[in-house]
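The values are calculated or read from the model by the stated rules, or taken from the named source; none is laboratory data. These numbers come from a predicted model, not from an experiment. Glycine gets a Cβ as well: all are built from the backbone with ideal geometry, and neighbour counts include every protein chain shown. Side chains included, ligands, DNA and RNA excluded: accessible areas come from the protein's heavy atoms. Shrake-Rupley method; radii C 1.70, N 1.55, O 1.52, S 1.80 Å.
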Amino acid sequence: MPSPHSPGITPGRLDAETLTRNFSDLHAPYDAHEAAVAADRCYFCHDAPCVTACPTEIDIPLFIRQISTGQPEAAARTILEQNILGGMCARVCPTETLCEQSCVRETAEGKPVEIGRLQRHATDSVMARQDHPFTRAPDTGKRVAVVGAGPAGLACAHRLAMKGHDVTILEARPKPGGLNEYGIAAYKSTDDFAAREAAWLMQIGGISVDYGKTLGRDVTLGQLQADYDAVFLGLGLGDVNPLGIEGAERDGVLDAVAWIAELRQASDLGALPVGRNVVVIGGGMTAVDAAVQARLLGAETVTIAYRRGQDRMGASRYEQDLATSKGVRILTNVAPVAVHGNGAATQIELAYMAEGAKGLEPTGETLRLPADQVFRAIGQSLVPPEGLDLDGRKIRVDAAGRTSLPGVWAGGDCTPGEDLTVVAVAEGRDAAEDIHRALVA
């Protein structure tokens, strides 16, 4: 029987009961009384800084006041008018560095109003009824193609459908949701929430999804421009950056994004193999999600190795603290040099790094860690469609999401800016508004 101490990469390190407990909801939802108490802490500020800090500009004081007066469904409408994926954002948004960090209670007391959990309480109350709070406008006769059923694509599609346009989403995977479905830690989105939210969103009507369709393979951008009145690209990032070190091809060296996707779709977590000694290369949210989940699956030691100082990590301090609370070690100022082993990984060699005259440079000192499983979480890159101007390695867009091609808009991770679910929702929503103006002009 495998255990956390069993060598190599193996499934079944923990019993089913422990796995269920480990992957339960990270934050239990509020009941009505808890929500009322939490809402009562809000000062209902005029010109509230939390609203400015929210990429979707939700009227946070208003929805919290609605909760405090016993109107959670009215609160949900306030949220969803700005952020149709408000339920998922309540679960995965880094509120600790956005709205809650700006809360005046945080400034005065070091303990903000728990805006994220209040938002979840409100949106869950509407979804529990299985109805949809918005009504579709009369059919305009216009057709829009949306490439990608991730947060940006879903937000764009919903807003366009609500305005009466017919929307076809082309999605490469068998399920909608993008990173909400495939790319975040399972303990942040339990009970198949991403799929349920996408199905609920599509109750607006006027949205169809064509699964298994990849831009560039199954359809070209030129075809979409010819067949539809407008096109929105919510592509996400398809390529994973390589490690580019000796031994990177060894068995046990894996892409963290793909592994998280496999975990999210697994029907039996006990059947998912995990190493005894796991090392995750990277410092962002994906690195933390992979590291924590490896630990929750029963890995004996899990280390995050990041090339710069801890204050430079892309993951928030809250996420870093979550990782360490689960037994993950964070090792900073180290970069991978080689993965050693005879066919399969057994060790990873890391070089100590320091800021020098030429930037980040190795100090000449190294260390080795046992590692039968190594995850690369060092960022993803875009495979851009032909004919589009780029801004660096992403699609160039203006403030309204318009690309260099007429009739083509883009938003989400494939465009410059922060790679956050809430930012993608805002960009998809705003592009939809501009598309609508263009179609009815």
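Summary of computed values
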| quantity | calculated |
| --- | --- |
| Accessible area of the stretch 127-262 belonging to carbon and sulfur atoms, whole % at 1.4 Å probe | 48 percent |
| Estimated dipole of the stretch 65-210 in Debye, rounded to 20 [Cβ of Lys and Arg +1, of Asp and Glu -1, Cα centre] | 220 debye |
| Residue-normalised accessible area of the chain, expressed per residue, 1.4 Å probe, Å² | 43 Å² |
| Electrostatic dipole magnitude of the chain [Cβ: Lys, Arg +1; Asp, Glu -1; Cα centre; debye, to 20] | 140 debye |
| The stretch 290-377 shape via C-alpha gyration tensor axes, a/c threshold 1.5 | oblate |
| Orphan Cys of the chain, criterion: no other Cys C-beta under 4.7 Å | Cys42, Cys45, Cys54, Cys103, Cys156, Cys414 |
| Of the DSSP H helices in the chain, those whose Cα atoms cover at least 27 Å axially and whose Kyte score averages 1.6 or more | none |
| Set of aspartates and glutamates near Lys394 by C-alpha distance (under 18 Å), chain-local residues within fewer than 8 positions excluded | Asp239, Glu386, Asp413, Glu418, Asp419, Glu427 |
| 222 nm mean residue ellipticity, helices alone, for the chain (DSSP H n ≥ 4; -39,500 (n - 2.57); rounded to 500) | -10000 deg cm²/dmol |
| Among Gln119, Ala157, Gln310 the positive-end extreme of the charge dipole of the chain (Cβ point charges) | Gln310 |
| Tail fraction, Cα-Cα pairs, the stretch 131-237, threshold 22 Å, whole percent | 30 percent |
| With every protein chain in place, the stretch 297-402: carbon and sulfur % of accessible area (1.4 Å) | 45 percent |
| The stretch 41-109, dipole about Cα centre (Lys/Arg Cβ +1, Asp/Glu Cβ -1), debye to the nearest 20 | 180 debye |
| Amide H within-cut-off set for Phe232, under 5 Å, with H built and near neighbours excluded | Ala145, Val146, Val147, Trp409 |
| Lysines with Cα under 25 Å of Lys188, excluding same-chain neighbours fewer than 8 positions away | Lys111, Lys175, Lys326 |
| Nonlocal amide H pairs with Asp419, under 5 Å, H built at 1.01 Å | none |
